[in-house]
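The values are calculated or read from the model by the stated rules, or taken from the named source; none is laboratory data. Owing to the predicted nature of the structure, the values given are computational and were not obtained by experimental measurement. Here the Cβ is made from the backbone with ideal geometry for all residues, glycine too, and neighbour counts use every protein chain on show.
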Ligand code: GAL
């Protein structure tokens with residue numbers, strides 16, 4: 001009956017559903033159960049050290065030995081159950097949690113607590129067969145077949161009903177179990193995008209809620225172009241499956257916002273059930289660092305703490321610590337700088353379905369885990385306890401292999417298990433502090449996916465280039481989002497700030513006038529919030545603040561270009577904004593080639609008590625960024641140390657009067673760091689001189705509590 005009705009009036013039902021889930025979301029407590037969630041206190045006073053465990057895939061007579069081995073390695077935490085829907089609910093409405101009770105009991109006997117996944121990432125085959133339309137549909141309108149995971153439509157009413165039922169049953173069953181300390185919602189939310197009829201109806205309802213009138217929507221999206229004017233809400237299409245794959249960028253950006261919000265509503269709906277039934281348990285979800293379909297800074301408002309999945313060796317060069325470092329900082333920044341945990345830390349050789357990746361020296365597993373801690377993690381949980389014998393992920397190693405032999409990775413992880421508990425008193429209460437921040441604009445990132453400037457454009461590469469230059473000198477770097485408060489920073493780097501709203505313009509102006517140094521790069525201020533091209537002179541709303549005008553630009557295709565700064569030349573590419581500096585704006589670098597040779601490429605505009613540096617291109621050599629970081633920091637009054645040896649990272653956490661300095665060597669060769677101050681080794685208590693020697697893959701955690709030296713270092 002419902003289905004029949006639904007068929008004839010989809011927009012009405014979906015619109016109601018959308019408004020309903022939207023209002024549910026609004027009731028979700030804003031910031032979990034507490035501000036600044038203390039993960040160590042929550043984990044019964046222990047540094048959270050764990051493994052992702054799948055007891056459902058192993059004979060029960062192996063569980064006790066697993067628990068003993070975990071305990072021996074210092075493991076006090078597991079995450080379980082996130083793909084076990086069919087085991088929890090083998091047939092509709094029949095719940096079987098007894099096996100999980102037994103697993104929890106076996107683990108608890110060894111002092112191990114658990115976060116349980118809500119299993120919605122893996123809907124059972126029976127659910128697909130009963131409601132075939134829960135399957136997600138791709139851009140071409142083709143539904144996925146059963147056989148993967150997270151291939152559901154997150155707006156399908158049957159899927160939502162089944163989700164509410166299983167989450168309710170799970171929360172009811174475990175709400176009083178002391179071995180369960182929290183829940184992880186789903187697994188790596190954020191895709192696939194949804195293109196089914198439910199999504200289309202919900203998108204139309206979302207547009208209606210945002211624009212109120214069709215005239216308003218048509219104006220905002222500029223639908224006069226090619227006569228795309230809509231005369232009924234039901235005419236609004238989903239983006240992309242068009243002739244030549246063209247799309248109205250305004251519609252596409254709103255679709256990205258809609259999908260972001262749909263994902264948020266799905267998480268909020270689960271969070272609300274869990275909070276209502278099991279209010280003493282903490283709530284998180286496992287996220288993906290630089291993954292950008294979701295605006296984590298909004299999603300994470302409903303969580304108690306942020307957790308994410310860190311696979312540094314999956315696609316990185318082994319000594320390149322900048323990518324994972326930036327991801328940690330982004331994850332920390334996505335919840336106002338609060339400490340977080342790694343829910344899946346790489347614990348073995350990656351691969352996936354068909355091919356293996358590259359094996360790393362066992363020592364690196366420890367260095368990467370320490371990196372997480374150095375960047376603010378108060379918990380590290382390795383993926384996975386044991387490599388699977390079955391299914392898609394046979395080519396993805398856990399700590400142990402299928403034979404459970406206590407191999408070198410196990411021994412390395414056991415060594416670290418002892419260390420982290422010794423470090424716990426030092427770690428607890430410390431946080432990462434920084435004077436420098438990178439501003440990430442989710443709207444700009446989405447808009448660039450819709451219209452990348454040139455084939456070579458990569459928003460994240462720019463973030464990393466600037467980030468790397470500051471980290472090479474041992475500076476902590478935060479990540480902030482447009483709606484957050486960034487007034488406390490001295491230096492703010494906002495690469496390619498494509499989409500600029502009046503609110504963001506006002507915040508950036510206040511930041512600069514108050515004394516901050518803002519770094520903008522090419523293609524800033526081009527679009528308004530509707531992804532419509534500005535009618536102002538570029539860089540649009542930022543032109544006055546930046547003290548430059550851009551009347552000509554040259555997208556790099558095959559031509560070579562370079563910029564000259566302080567008598568040195570640096571190669572540059574991707575895009576060349578040809579700057580016309582205003583009165584009082586200095587030129588820091590000029591183009592060295594082509595018809596605009598000699599014209600300004602980088603400018604500095606003093607404004608109020610601060611300044612704006614505009615970099616009109618993307619230099620491609622590290623040498624430029626090293627010079628630039630020194631220049632920008634000097635201008636902002638930020639102290640930077642000298643360059644660290646290649647492959648060595650310095651990062652710090654602090655609390656009143658004490659700073660912990662982490663030195664991490666990602667290479668197999670010994671390295672020496674000229675720290676310039678005397679410290680104590682947090683693990684041994686021994687004093688350490690100003691020159692610190694690190695063995696290959698070595699880690700030092702040093703305590704600096706001398707207040708004079710502390711002042712000097714800042
Ligand atoms: C993560 C995911 C895990 C597992 C892991 C290794 O992205 O959350 O379930 O698939 O990758 O493949």
Restricting region 390-403 to residues that are in a loop (DSSP other than H, G, I, E, B) and surrounded by 16 or more Cβ atoms within 10 Å (Cβ to Cβ), which is farthest from the ligand (Cβ to nearest atom)?
401
Test for residue 214: is it closer than 17 Å to residue 83 by Cα and either away from the ligand (no atom under 16 Å from the Cβ) or at pLDDT below 95 (or both):
no
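Yes or no, residue by residue, for (1) in a loop (DSSP other than H, G, I, E, B); (2) touching a residue at least 40 places away in the same chain (Cβ under 8 Å); (3) farther than 29 Å from residue 41 by Cα:
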site	(1), (2), (3)
338	yes, yes, no
355	yes, yes, yes
388	yes, yes, yes
412	no, yes, no
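Find the residue count for region 47-69, including only residues that are in a loop (DSSP other than H, G, I, E, B) and either buried (at least 18 other Cβ atoms within 10 Å of the Cβ) or not assigned by TED's automatic domain parsing to the domain that holds residue 115 (or both).
Step one: list which residues in region 47-69 are in a loop (DSSP other than H, G, I, E, B), which gives 47, 53-54, 58-59.
Cutting the leftovers down to either buried (at least 18 other Cβ atoms within 10 Å of the Cβ) or not assigned by TED's automatic domain parsing to the domain that holds residue 115 (or both) gives us 47, 53-54, 58.
Of the residues in region 47-69, 4 are in a loop (DSSP other than H, G, I, E, B) and either buried (at least 18 other Cβ atoms within 10 Å of the Cβ) or not assigned by TED's automatic domain parsing to the domain that holds residue 115 (or both).
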Looking at region 376-389, which of the residues that are within 24 Å of the chain's Cα centre (by Cα) and more than 13 Å from the ligand (Cβ to nearest atom) is nearest to residue 661 (Cα to Cα)?
376
Output yes when any residue across region 525-538 is over 16 Å from residue 614 (Cβ atoms), part of a strand (DSSP E or B) and without any contact (Cβ under 8 Å) to a residue 24 or more places away in the chain, and no when none is.
yes
If residue 293 meets every condition in (1) under 13 Å from the mean Cα position of the chain (by Cα); (2) in a helix (DSSP H, G or I) apart from one, which number is that one?
(2)
Check off (1) in contact (Cβ under 8 Å) with a residue 40 or more places away in the chain; (2) more than 30 Å from residue 549 (Cβ to Cβ) for residue 656 and give me the number that stays unchecked.
(1)
Residue by residue through region 423-451, note down the ones that are in a loop (DSSP other than H, G, I, E, B) and touching a helix residue (DSSP H, G or I) at 6+ places or on another chain (Cβ under 9 Å).
428, 429, 432, 434, 435, 440, 441, 451
Among the residues of region 88-99, which ones are under 17 Å from residue 56 (Cα atoms) and either within 16 Å of the ligand (Cβ to nearest atom) or free of Cβ contacts under 8 Å to residues at least 24 places away in the same chain (or both)?
96, 98
Those residues that are farther than 18 Å from residue 638 by Cβ and in contact with a helix residue (DSSP H, G or I) (Cβ under 8 Å, 6 or more places away or on another chain), I need them from region 509-521; list them, please.
509, 521
In the list 195, 230, 128, 211, which residue meets the criterion of being in contact with a strand residue (DSSP E or B) (Cβ under 7 Å, 6 or more places away or on another chain) and farther than 24 Å from residue 94 by Cα?
195
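Taking region 182-198 on its own, how many of its residues are assigned to a strand (DSSP E or B) and more than 16 Å from the ligand (Cβ to nearest atom)?
1
Could you tell me whether residue 69 is within 16 Å of the ligand (Cβ to nearest atom) and closer than 30 Å to residue 422 by Cα?
no
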Answer yes if at least one residue in region 340-347 is within 23 Å of residue 668 (Cβ to Cβ), more than 16 Å from the ligand (Cβ to nearest atom) and not in a loop (DSSP other than H, G, I, E, B), and no otherwise.
no
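Residues are listed down the side, and each one gets a yes or a no for (1) within 30 Å of residue 280 (Cα to Cα); (2) touching a helix residue (DSSP H, G or I) at 6+ places or on another chain (Cβ under 8 Å):
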site: 159; (1), (2): yes, yes
site: 165; (1), (2): yes, no
site: 170; (1), (2): yes, yes
site: 182; (1), (2): yes, yes
site: 188; (1), (2): yes, yes
site: 193; (1), (2): no, yes
site: 199; (1), (2): no, yes
site: 204; (1), (2): no, yes
site: 209; (1), (2): no, yes
Residues being touching a helix residue (DSSP H, G or I) at 6+ places or on another chain (Cβ under 6 Å), away from the ligand (no atom under 16 Å from the Cβ) and in a loop (DSSP other than H, G, I, E, B) - total across region 113-152
3
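Kindly check whether there is at least one residue in region 415-424 that is under 30 Å from residue 467 (Cα atoms), within 16 Å of the ligand (Cβ to nearest atom), surrounded by fewer than 22 Cβ atoms within 10 Å (Cβ to Cβ) and in the same structural domain as residue 334 (by TED's automatic domain parsing).
no
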Conditions (1) farther than 30 Å from residue 302 by Cα; (2) out of contact with any strand residue (DSSP E or B) (no Cβ under 6 Å at 6 or more places or on another chain); (3) away from the ligand (no atom under 12 Å from the Cβ): number failed by residue 335
(1)
